[in-house]
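Here is the structure we will look at, set down as structure tokens.
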Amino acid sequence: MTEFTVKPIRRRKSIQLLLGFSFIATIGGVLAPIIAYLIPRENAAAYGGPSEVGAPEDFPLNSGKIVSVNDKPVIIVNTKAGGLKAFSAICTHLGCVVTWNERKGIIHSPCHDGLFNPVNGSVISGPPPRPLPQYELVVKEGKVLVGKPLGNIYGERSGE
């Protein structure tokens, strides 16, 4: 019968292993968000043709309305300064769906009170790191058509 003996790990070796694993975990924790930021998000080319979301009268002046475009929430806003605009309704901070604040006339993210400009989607205040991506929007033959996004959509990756 063969007997196996296990050599005890020396203190120096165990400290080296512990430091090595700690170093790898730290580097991974630092690199993961950088890599996630650099990886392209939703591929705009994957979107089909423009989607009809209603008529211009469905979006009165100084209003915002959530619609679905290719199963994605999109907020259509109509302001005096910017006219009809379409933005992703997914907050760039934590991915919750934004709403229209009628009293203030701005786009509001309920996650942590992020506020977005309805003219260009830029961040007014709060923790969102990036503006809301805008979608192509045209009014043609009495219909409001929303096309592909003009930027990256929060939390989605390209299939390529």
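Can you spot a residue in region 6-28 that is in a loop (DSSP other than H, G, I, E, B) and surrounded by 12 or more Cβ atoms within 10 Å (Cβ to Cβ)? No, region 6-28 contains no residue that is in a loop (DSSP other than H, G, I, E, B) and surrounded by 12 or more Cβ atoms within 10 Å (Cβ to Cβ).
Provide a single number: the residues in region 103-153 that are in contact with a His (Cβ under 7 Å, 6 or more places away or on another chain) and of a type in the set (A, V, I, L, M, F, W, C). Walk me through how you get there before you give the answer.
Of all residues in region 103-153, those in contact with a His (Cβ under 7 Å, 6 or more places away or on another chain) come to 109, 111-112, 114-115, 126-129.
With of a type in the set (A, V, I, L, M, F, W, C) added as a condition, the list becomes 111, 115.
Counting residues in region 103-153 that are in contact with a His (Cβ under 7 Å, 6 or more places away or on another chain) and of a type in the set (A, V, I, L, M, F, W, C) gives 2.
Out of all the residues in region 91-126, which are more than 16 Å from the chain's Cα centre (by Cα), part of a loop (DSSP other than H, G, I, E, B) and within 17 Å of Pro73 (Cα to Cα)? Hit for region 91-126 is Pro118, nothing else.
Quick check on region 24-47. Is at least one of its residues of a type in the set (Asp, Glu), touching a strand residue (DSSP E or B) at 6+ places or on another chain (Cβ under 9 Å) and under 25 Å from Glu136 (Cβ atoms)?
Going through region 24-47, the residues of a type in the set (Asp, Glu) turn out to be 42.
Cutting the leftovers down to touching a strand residue (DSSP E or B) at 6+ places or on another chain (Cβ under 9 Å) gives us 42.
Checking the rest, the ones that are also under 25 Å from Glu136 (Cβ atoms) come to 42.
Taking every residue of region 24-47 in turn, at least one turns out to be of a type in the set (Asp, Glu), touching a strand residue (DSSP E or B) at 6+ places or on another chain (Cβ under 9 Å) and under 25 Å from Glu136 (Cβ atoms).
When you check Cys111 against the structure, is it among the hydrophobic types (A, V, I, L, M, F, W, C) and surrounded by fewer than 18 Cβ atoms within 10 Å (Cβ to Cβ), yes or no? Show your work before the answer.
Numbers: among the hydrophobic types (A, V, I, L, M, F, W, C): yes; surrounded by fewer than 18 Cβ atoms within 10 Å (Cβ to Cβ): yes.
Spelling it out, Cys111 is indeed among the hydrophobic types (A, V, I, L, M, F, W, C) and surrounded by fewer than 18 Cβ atoms within 10 Å (Cβ to Cβ).
Within region 43-62, is even one residue among the small types (Gly, Ala, Ser) and at pLDDT 90 or above?
Checking region 43-62: at least one residue is among the small types (Gly, Ala, Ser) and at pLDDT 90 or above.
Can you confirm whether Cys91 is surrounded by fewer than 20 Cβ atoms within 10 Å (Cβ to Cβ) and in contact with a Ser or Thr (Cβ under 9 Å, 6 or more places away or on another chain)? Taking the combined requirement at face value, the residue does not satisfy it. For region 131-147, what are the residues that are in a loop (DSSP other than H, G, I, E, B) and loosely packed, with under 14 Cβ neighbours inside 10 Å? Correct list: Glu141, Gly142.
The values are calculated or read from the model by the stated rules, or taken from the named source; none is laboratory data. Here the structure is a predicted model, which is why all the values come from computation and not from measurement. Glycine also receives a Cβ, built like all others from the backbone with ideal geometry; neighbour counts cover every protein chain displayed.
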